[in-house]
Amino acid sequence: MSITAEKKQHTLKNTVMALPDKLIIFLGRTLSGHHHDYIMLKQEFPPELDWFADINVRVDLGYLGIKSDYHGDRIDIPTKKPRKSQKNPNPQLNDEQKAANTALSRVRIFIEHAIGGMKRYNILVHTFRNRLENFEDDVIGVCAGLWNLVLSY
């Protein structure tokens, strides 16, 4: 009997902000995959300043707590499904919450398309074996710039 161990993928993460036309307007530092999305956002945009006061911000459930930490009345985050418990053995969102989550995901999909547009450049998709410090930031910055250039034509 042989036992095979899967190699761990060393994923990398960036904070990406894009406009509805998929143009990338902000690309954060590259960090290892074990960092939480919201902690990365708090490092790049400290909550003490009014970063999101005048813009529409639509985030996923990886950013729970953004409404309480940041000032702004146009911050939208989906409603999280309640936890299963003895009192509530089959937790569900009501129809209004489901409709709000669906509407938010329809507006948010452009950021996923922008990330997918950057991933058309295979250097971001395949195993990255570099030896230079901070080279990941340069690579993803070039890919984001190429994606923005593609959108301008």
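The values are calculated or read from the model by the stated rules, or taken from the named source; none is laboratory data. In this text the structure is predicted, and so the values were computed from the model without any measurement. Please note: Cβ atoms are built from the backbone with ideal geometry, for glycine as well, and neighbour counts cover all protein chains shown. Surface accessibility is based on the protein's heavy atoms, side chains included, excluding ligands, DNA and RNA. Shrake-Rupley method; radii C 1.70, N 1.55, O 1.52, S 1.80 Å.
Among LYS98, LYS81, LYS119, the largest mean-square fluctuation in a Gaussian network model of the chain (Cα springs under 10 Å) belongs to LYS81. Entry comment: accessible area of region 18-153 is 70 Å² per residue, from protein heavy atoms only and a probe of 1.4 Å. In terms of its C-alpha gyration tensor, region 47-108 has an oblate overall shape, because the principal axis ratio a/c (a ≥ b ≥ c, square roots of the eigenvalues) is not below 1.5 and a/b does not outweigh b/c. From the P(r) of the chain, could you give the percentage of C-alpha pairs in the tail past 25 Å? When all Cα pairs of the chain are counted, 44 percent exceed 25 Å.
In the elastic network of the chain, a GNM with C-alpha springs shorter than 10 Å, the most mobile of ASN94, ASN14, ASN56 is ASN94. For region 24-139, what number of Lys pairs, 8 or more residues apart or on separate chains, have alpha-carbon atoms under 29 Å from each other? Final tally of qualifying lysine pairs is 15. Solvent-accessible area of the chain (1.4 angstrom probe, protein heavy atoms only): carbon and sulfur portion equals 53 percent. Put a plus charge on the Cβ of each Lys and Arg, a minus charge on the Cβ of each Asp and Glu, and nothing anywhere else: the dipole of the chain about its Cα centre is then about 780 debye. Comparing mean-square fluctuations of LEU64, LEU49, LEU27 from a GNM of the chain with C-alpha springs under 10 Å, the top value falls on LEU49.
Gain on full extension, evaluated as 0.36 nm per residue between GLU96 and ASN122 minus their Cα-Cα distance, stands at 5.3 nm.
Near ARG58, the amide H atoms lying under 5 Å from its own belong to ASP76; only residues 5 or more places off or on other chains count, and H is placed 1.01 Å from N. A simple rule links phi to the HN-Hα coupling: the Karplus curve 6.51 cos²θ - 1.76 cosθ + 1.60 with θ = phi - 60°, which for region 88-103 gives 10, x, 10, x, 9, 7, 6, 4, 5, 5, 4, 5, 5, 5, 5, 4 Hz, with x for Gly and Pro.
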